[in-house]
Amino acid sequence: MPVSYPFGHGLSCTAFAYSGLHAAVDGEGEETVVRLRLTVTNSGPAAGKEVIKVYVRDVASSVDRSVRELKAFTKVELTPGQATGARFELRARDLSFFSPAHGRWVLEGGEFEISIGSSSRDLRLTATVTVPAPPLARPLTLASPVGEWLAHPVGGPVLRQAIGGAR
């Protein structure tokens, strides 16, 4: 639904151009770091300030998540024609969601769409990155079916050993 003033909306006496988005993923799972860099240029007639915002979307999340989550921002001040580089680092926690079943923040591996712009409705650059992470295993309880126990990466071997050792 259209809104009068989207999140991050601001008025300026000048214009800014965004270019050259580069995204790189380092590490895996909880050690994941997504490094972003881009260039912002004052393409208008007056000096001005711009707040660069970074939004993240989990493309195929197993849980309902916001369409777009604000994860980082910075403000730059530029004179007409001046350009500057902006850098951001997103950590595993920035890509995670809180799982009541696990009782903690968890990271699902897969594709994440990273969008950068001046507001939530004025996104200028987008990149998709693939974040590696081990598959999430549901926590086991005494009420968990045997199939879940056997499929669990820790519970399965323990149960198999216990069954094999039983007489």
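Throughout, read-outs are computed from the coordinates displayed, never taken from laboratory work. On a predicted model such as this, the values are computed, not experimentally measured, just so you know. FYI the Cβ positions are ideal-geometry reconstructions off the backbone, even for glycines, and counts take in every protein chain you see.
In the chain, the calculated helix contribution to ellipticity at 222 nm averages -3000 deg cm²/dmol per residue, counting -39,500 (n - 2.57) for every DSSP H run with n ≥ 4.
When its C-alpha radius of gyration is set against 2.2 N^0.38 Å (N residues), the range 1-98 gives a value of 1.26. The Rg/Rh ratio for the chain is 1.17, where Rg is the radius of gyration of the alpha carbons and Rh is the Kirkwood radius.
Of the trypsin sites (Lys or Arg not before Pro) in the range 21-57, not one is in a loop by DSSP (not H, G, I, E or B) with at most 16 other beta carbons within 10 Å. Which shape class, rounded, prolate or oblate, goes with the range 1-50 when its Cα gyration tensor gives a ≥ b ≥ c as root eigenvalues, a/c under 1.5 marks rounded, and past that a/b bigger than b/c marks prolate? Oblate, because a/c is 1.5 or more while a/b does not exceed b/c.
The relative contact order of the range 16-136 comes to 31 percent, based on Cα pairs under 8 Å that sit 6 or more residues apart. With springs only between Cα atoms under 10 Å, which of Pro132, Pro45, Pro145 fluctuates most in a Gaussian network model of the chain? Top of the fluctuation ranking is Pro145. For the range 51-95, the percent of C-alpha pairs falling in each 5 Å distance bin, counted from 0 to the bin holding the largest distance, reads 5, 17, 23, 19, 13, 10, 7, 4, 2, 0.
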